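**Q** Got a structure here, written out as structure tokens. Questions coming.
The values are calculated or read from the model by the stated rules, or taken from the named source; none is laboratory data. No experiment lies behind these values; they were computed from the predicted model shown. Here Cβ is always computed from backbone atoms with ideal geometry, including for glycine, and neighbour counts include all displayed protein chains.
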Amino acid sequence: MIPRTSRDGDNIIKPIVEYIEKNMKKGYSMESLRWALVNQKYSRIEIEKAIKIIEARSPKREEPKMVQLQEIKQEAIIVPEKKGFFSRLFGRD
């Protein structure tokens with residue numbers, strides 16, 4: 001849990017911002033961190049302010065572009081019929 005200092009604006013938001021940044025580097029999503037903070041009894045307003053600060057700091061990410069995949073062609077592989085062991089041994093067709 002993030003230690004709380006006082007209820008004046010920046011003193012409580014700064015640890016939330018640090019918490020979110022640290023855990024986003026570990027790979028957690030913003031949504032999962034938001035709910036973790038809500039479950040730790042932080043107000044949604046404080047959480048949203050911290051998220052806005054993080055979004056303002058980080059560069060804007062472009063949406064991933066859709067790439068058209070090439071069609072995969074399937075070809076039938078013809079395997080010649082093998083003669084059985086005894087057919088080869090005794091020379092029968």
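Here's the yes/no breakdown for (1) modelled with pLDDT of 80 or more; (2) under 21 Å from the mean Cα position of the chain (by Cα); (3) assigned to a helix (DSSP H, G or I):
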{"position": "Ser32", "(1), (2), (3)": "yes, yes, yes"}
{"position": "Tyr42", "(1), (2), (3)": "yes, no, no"}
{"position": "Ile53", "(1), (2), (3)": "yes, no, yes"}
{"position": "Pro64", "(1), (2), (3)": "no, yes, no"}
{"position": "Ile77", "(1), (2), (3)": "yes, no, no"}
{"position": "Ser87", "(1), (2), (3)": "yes, no, yes"}
{"position": "Arg92", "(1), (2), (3)": "no, no, no"}
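**Q** Here's a follow-up. Among all residue pairs at least 6 apart or on different chains, which show Cβ distances below 8 Å where the first residue, located in segment 16-40, is closer than 15 Å to Ser58 by Cβ and the second is in a helix (DSSP H, G or I) and of a type in the set (Ser, Thr, Tyr)?
**A** Pairs found: Leu33/Tyr19.
**Q** Restricting segment 7-30 to residues that are over 21 Å from the mean Cα position of the chain (by Cα) and not aliphatic (A, V, I, L, M), which is modelled with the lowest pLDDT?
**A** Among those that are over 21 Å from the mean Cα position of the chain (by Cα) and not aliphatic (A, V, I, L, M), it is Arg7.
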